[in-house]
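Step one of this worksheet: look at the structure below.
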């Protein structure tokens with residue numbers, strides 16, 4: 001049970017629900033209940049999200065009862081579209097007539113009143129003024145141009161879906177029209193932004209990513225002339241959290257202990273998921289990222305100075321960095337496995353078999369389900385294997401420059417570069433360090 005009305009907890013997420021009165025169910029396809037996820041695990045935050053949703057539902061129910069329903073929305077959208085044509089232009093007779101049509105439209109569906117009284121109503125706070133300002137473009141809903149932006153956004157596929165979803169979540173959390181949105185509104189939202197997984201403060205990287213999504217949308221609004229480009233509420237925002245070093249460490253991903261790693265690929269084998277077992281073993285003996293491993297093909301195999309290696313091309317945005325494009329010696333513990341994978345590869349040539357369209361995401365989800373069933377928390381993810389390998393290199397006192405060549409980090413990415421200029425950088429030399437450092441019980 002919730003402390004707040006309209007909230008129900010389902011699968012650890014709060015949903016907002018509202019019963020549909022019997023007399024208007026025909027307008028909602030015969031449904032008895034309206035349900036929508038708030039996207040929040042925290043009950044108090046969910047209640048804040050639920051308020052505008054319930055208000056909109058109740059308004060829609062009332063509109064149906066008054067015989068308005070969809071025709072009102074269609075007419076409002078038509079008038080709003082017409083108004084955008086005249087924005088910033090001198091009013092002629094046609095535009096003046098549109099003003100009068102709008103006043104009539106607004107007041108007839110707000111209250112029974114005369115035209116003179118209607119003019120007065122749209123100048124004072126109230127339902128008539130709110131609808132009038134929305135239609136005339138004085139208060140444009142934040143998501144008015146989201147479909148237009150989706151068609152021209154530079155990002156695509158999953159990144160586009162994530163971007164549009166982020167913009168929609170912002171609009172739900174900050175129900176301000178475009179014209180009234182301020183930097184203060186955005187900053188307040190950032191301070192309150194929580195991780196959907198943990199319910200704790202979102203980290204700085206998450207906040208910066210969300211801001212980047214919103215800046216792209218705002219730049220489109222400016223380019224199209226929908227907003228004044230002199231101000232941008234999404235710039236010069238504070239994203240750093242006021243947290244202690246201990247809190248930051250608690251929030252970070254944690255590496256698996258070396259003795260835990262073999263149990264991961266053994267569990268995958270026990271689950272008859274051989275591709276996942278192979279993926280874990282290769283990651284645990286190379287420190288490579290998930291996306292990099294899922295991109296490996298038979299053509300990635302090569303020799304360097306007589307040493308069997310894998311040519312890693314990087315993945316995603318890292319594909320363009322010199323450090324990410326590297327040659328990694330094959331650890332003897334997985335040499336037979338890699339050869340077997342290459343010999344059994346399908347026509348697509350990928351070493352790790354996966355039929356999903358988004359291969360890396362699919363394997364990440366399979367790993368996530370497995371490790372959760374094993375009792376690991378949200379701080380242990382597939383990337384934790386990379387943390388484990390890097391820690392092994394540190395404990396073996398592997399020179400930083402050698403280690404960076406293996407795992408694909410830029411030189412100088414630690415607080416000290418002691419040892420960065422030492423060590424054999426040949427494939428044979430790197431393999432020696434890998435054999436000495438990466439050992440599992």
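Model label sites at residue 440 and residue 58, defined 7 Å from Cα along the beta-carbon direction, differ in position by 5.7 nm.
Residue ranges 290-297, 305-312 sort as 290-297, 305-312 when ordered by packing (mean number of other C-beta atoms within 10 Å per residue, highest first). For the pair residue 374 and residue 269, label points projected 7 Å from Cα toward Cβ lie 1.3 nm apart. Using r as the Cβ-Cβ distance of residue 198 and residue 3, and R0 as 25 Å, what FRET efficiency do you calculate, to the nearest 0.05? In this case the efficiency is close to 0.75. Eigenvalues of the alpha-carbon gyration tensor of segment 261-437, scaled by 5 and square-rooted, set the equivalent ellipsoid semi-axes at 26, 19, 15 angstrom, largest first.
Computed from the alpha carbon positions, the gyration tensor of segment 146-251 leads to an equivalent ellipsoid with semi-axes of 26, 16, 11 Å, biggest first. Taking every C-alpha pair closer than 8 Å and separated by at least 6 residues, the mean separation divided by the residue count of segment 7-65 gives a relative contact order of 36 percent.
Between residue 426 and residue 156, the contour length at 0.36 nm per residue exceeds the Cα-Cα span by 93.3 nm.
Extending 7 Å from the Cα toward the beta-carbon at both residue 303 and residue 182 defines two label points whose distance is 7.1 nm.
Per-residue extension of 0.36 nm, minus the Cα-Cα distance of residue 342 and residue 42, leaves a gain of 103.3 nm for this segment. Taking 0.36 nm per residue of separation and subtracting the Cα-Cα distance, full extension of the segment from residue 147 to residue 231 would add 27.9 nm.
Sorting the segments 403-409, 350-356 by their residues' average number of neighbouring beta-carbon atoms within 10 angstrom, most packed first, yields 403-409, 350-356. Every pair of different Cα atoms in segment 7-65 enters the Kirkwood calculation, which places the hydrodynamic radius at 12.0 Å.
Every read-out reported here was derived from the displayed coordinates using simple, explicitly stated rules and does not represent laboratory data. The shown structure was predicted, so the numbers you read here are calculated from the model rather than taken from an experiment. Positions of Cβ are backbone-derived with ideal geometry, glycine not excepted, and every protein chain shown enters the neighbour counts.
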